[in-house]
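Asker: Got a structure for you, questions after.
The values are calculated or read from the model by the stated rules, or taken from the named source; none is laboratory data. Computed from a prediction, not measured in an experiment: that's the story for all the values here. All Cβ positions, glycine included, derive from the backbone under ideal geometry; neighbour counts span all protein chains shown. These area figures cover heavy atoms from the full protein model, side chains too; ligands, DNA and RNA do not enter into them. Shrake-Rupley method; radii C 1.70, N 1.55, O 1.52, S 1.80 Å.
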Amino acid sequence: MNLSAHNDILSIRNGHLYIDDCDTVELANRFGTPLFVVSETKLVDNLKKYSTAFEKHWPEGRVRVMAAIKANPITAVRRVLTREGAGCDTFGAGELELALRGGVPTEDIAVNGSIKTPAIIRRAIELGIHVILDSPRELDYCEQEAEKLGKKAAIVLRLKPFLEDLDDPSDFFPSRLIRDMTQTVKYGIPTSEMLPMIPKIKDSKWVELVGVHTHSGRHSKKAVFWQSLVRNYVKLIKQISDGMGNGWIPHIISIGGGFAAEHDIESRVAVTDYETPSVEEFAEITTTAFRDSMHANGLSTEGIIFEVEPGRALHNETGIHLTRVHVVKHETANIDRRWLETDTSEVFLSVGSLNVEPAFRYVVANKADRSVAYKVDIVGITCNYECLAEQAPVPETASGDIIGFLNTGSYIEVYGCNFNVLPRPGTVLVKGDQAEMVKAHETLAQVFSRDIVPDRLKDI
């Protein structure tokens, strides 16, 4: 396997798979399996690519990389990003708590998400964090809580641009158009409800409109999508500016996320098999479209903070997942079929029960330089069908071998659940030849810790 085509932090040394300078077989033996492994080196490199590229193409003001916590919500991972200067977009009270535990400066945090409670809005106002409104009701909450505190709330409107000039299908869901999906998705203030909010915001003593936000997600890598998104976004900004009067322009502009990872080997997106723009190209396309559209509408761009929210693009290729083969089966009576039974599961890898094409590239980590001997079904540990890779070519394998699933750094570990009452895997952070546990393996005691047995059932 040409590992460099999948991930440049992986290598084969003395027949073993390495991540950074760590032997994955040694990691599996030392920390136990199943196990997630994250490379700090790759994470920092990815972040620097975004900050450098966007700063180059946006000289008008500050660039703020608002790393999406949801992609990999582990405190130590977040602290690495904080150390490197990244802000964060938080969706809900849990992600806000993680941002604070992760040491993110409050001016670099955004409170986002649907169905915000007065409590989270109050906490944001107290801490001086701007609130991204997802509905008119949240404007009422902001006014009420700000008045109670005697402190003005900084608010941002989450907009839903209508991409009227775009007819492309979505990479995420190819049977539907991007234009339709960006309107039918739940998040964002419906335009018909957003525009009537402007007079109220303008007249309010307790809120200050500091910016606008949009997020469409991983629908396309094509320039025409990003250009359409930004152009139609600015049309809404112009309407808001006209309504606010006095030459209002946003202090903060967020174009959200949805950028593809470098190699775009993605388990949660249906279509990835076309050219992936570089981060430099994404930066040039989006900033140029925004600048040109603002100027065409008579709006200044000077001093605007330009925010981007990469999630999968930052994290996807930072991680791998290690699992141990426990049982090898071989049927010859009725069919010729081999199975490798592993200690991981579809519920840890966020995939379906039958993967005719492997959801992830894989390497037999302790035999990484050996030739293919036969095909096997790599299967998981639960009572589900869970064929993680059907008829996958492998070298000759045995109990105790380690399999590494590649590019599992984003939106994978976070979806893990306790099906069959399985404790969830832990995570190790590696940097060079150093490896440290940053999320412990869950124990059975922790799995049962939320159960409550009523007194009437305790004597049974």
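Asker: Output the direction-averaged projected area (hull surface divided by four) of the convex hull of the alpha-carbon atoms of the range 249-356, in nm².
Answerer: 10.5
Asker: Pairwise over distinct Cα atoms, reciprocal of the mean inverse distance: report the Kirkwood radius of the range 216-292 in Å, one decimal place.
Answerer: Radius from the Kirkwood sum: 13.9 Å.
Asker: Counting each pair of different Cα atoms once, what's the Kirkwood radius of the range 1-92 in Å, rounded to one decimal?
Answerer: On the way: mean 1/r = 0.0649 Å⁻¹.
Roughly 15.4 Å, rounded to one decimal.
Asker: Give me the Kirkwood hydrodynamic radius of the range 312-368 in Å, from all C-alpha pairs, to one decimal place?
Answerer: It is 13.8 Å.
Asker: Within the range 1-99, what percent of beta bridges assigned by DSSP are antiparallel, to the nearest 5?
Answerer: Numbers: 6 of 9 bridges.
Here the share of antiparallel DSSP bridges comes out near 65 percent.
Asker: In degrees from 0 to 90, rounded to the nearest 10, what is the angle of the helix 118-127 Cα long axis to the longest principal axis of the chain?
Answerer: Approximately 80 degrees, to the nearest 10.
Asker: Here's another thing I want to ask about it. Roughly how much of V131 is accessible, in Å² to the nearest 10, using a 1.4 Å probe?
Answerer: 0
Asker: Still on this model: In nm², what is the average projected area of the convex hull enclosing the Cα atoms of the range 307-439?
Answerer: Dividing the Cα hull surface by four gives the mean projection, 9.8 nm².
Asker: Also, quick follow-up: Of the listed peptides 303-316, 236-249, what is their order by residue-averaged count of other C-beta atoms within 10 Å, with the highest listed first? Let's see the in-between values first.
Answerer: Numbers: 303-316: 24.6, 236-249: 15.7.
My ranking of the peptides, most packed first, is 303-316, 236-249.
Asker: Calculate one ³J(HN,Hα) per residue across the range 433-447 by plugging θ = phi - 60° into the Karplus curve 6.51 cos²θ - 1.76 cosθ + 1.60, and present them in order as whole Hz with x for glycine and proline.
Answerer: 9, 8, 9, 9, 6, 10, 8, 5, 4, 5, 9, 4, 4, 5, 4
Asker: Which of the lysines could a cross-linker bridge to K186, judged by Cα under 27 Å and excluding same-chain residues fewer than eight apart?
Answerer: K70, K116, K160, K200, K202, K221, K222, K235, K238
Asker: Over the alpha carbons of the range 138-209, what is the largest minus smallest coordinate on each principal axis, giving the biggest first in Å?
Answerer: Computed over the Cα atoms, the extents are 50, 20, 14 Å.
Asker: Kirkwood-based Rg over Rh for the chain (C-alpha set), two decimals?
Answerer: Checking Rg against Rh, the ratio lands at 1.01.
Asker: How large is the convex hull of the Cα atoms of the range 251-311 per residue, expressed in Å³ as a whole number?
Answerer: Dividing the Cα hull volume of the range 251-311 by its residue count gives 100 Å³.
Asker: Give me Rg/Rg_expected for the range 126-282, where Rg uses Cα atoms only and Rg_expected = 2.2 N^0.38 Å with N residues. Before the final figure, lay out the partial values.
Answerer: On the way: Rg = 17.4 Å, N = 157, 2.2 N^0.38 = 15.0 Å.
Compared with the compact-globule rule of thumb, the range 126-282 sits at 1.16.
Asker: Here is a follow-up. Check the straight Cα-Cα distances from K42 and name the lysines below 17 Å, setting aside those fewer than 8 residues away within the same chain.
Answerer: Within the straight-line cut-off, K42 pairs with K431.
Asker: Compute the Rg/Rh shape ratio of the range 101-184: radius of gyration over Kirkwood radius, all on alpha-carbon atoms.
Answerer: Taking Rh as the inverse mean 1/r over Cα pairs, Rg/Rh reads 1.13.
Asker: For D401, which sequence-distant residues (separation of 5 or more, or a different chain) have an amide H within less than 5 Å of its own amide H, given hydrogens modelled in the peptide plane?
Answerer: HN-HN under 5 Å from D401: V325.
Asker: Right, something else. Ignoring any ligand, DNA or RNA, what whole percent of the accessible area of the range 266-401 comes from carbon and sulfur when the probe is 1.4 angstrom?
Answerer: Values: 2580 of 5690 Å².
That share works out to 45 percent.
Asker: Restricting the count to DSSP beta bridges whose residues both fall in the chain, what percent are antiparallel, rounded to a multiple of 5?
Answerer: Values: 35 of 71 bridges.
Around 50 percent antiparallel, to the nearest 5.
Asker: When ligands, DNA and RNA are left out and all protein chains stay put, how many square angstrom of accessible area per residue does the chain have with a 1.4 Å probe?
Answerer: Heavy-atom SASA per residue in the chain reads 43 Å².
Asker: What aspartates and glutamates does K205 reach when the alpha-carbon gap must be under 19 Å and sequence neighbours fewer than 8 apart in one chain are set aside?
Answerer: The qualifying aspartates and glutamates are E126, E138, D140, E143, E145, E147.
Asker: Can you give the direction-averaged projected area of the convex hull of the alpha-carbon atoms in the range 385-460, in nm²?
Answerer: Details: hull surface 37.2 nm².
Mean projected area for the range 385-460: 9.3 nm², to one decimal.
Asker: Something else now. Starting at 0 and stepping by 5 Å, how many percent of the alpha carbon pairs of the range 168-250 end up in each bin?
Answerer: Going out from 0 Å in 5 Å bins, the range 168-250 shows 3, 13, 22, 21, 15, 11, 8, 5, 2, 0 percent.
Asker: So which trypsin sites (Lys or Arg not before Pro) in the range 136-183 end up in coil per DSSP with only 14 or fewer other C-beta atoms within 10 Å?
Answerer: Counting only loop positions with at most 14 other Cβ atoms within 10 Å, the trypsin sites (Lys or Arg not before Pro) in the range 136-183 are K151, R176.
Asker: Please give the charge dipole size of the chain, origin at the Cα centre, charges +1 on K and R Cβ atoms and -1 on D and E Cβ atoms. Round to the nearest 20 debye.
Answerer: 940
Asker: Translational D (Stokes-Einstein, µm²/s) of the range 27-167 at 25 °C and 0.890 mPa s when Rh comes from the Kirkwood sum over C-alpha pairs?
Answerer: 144
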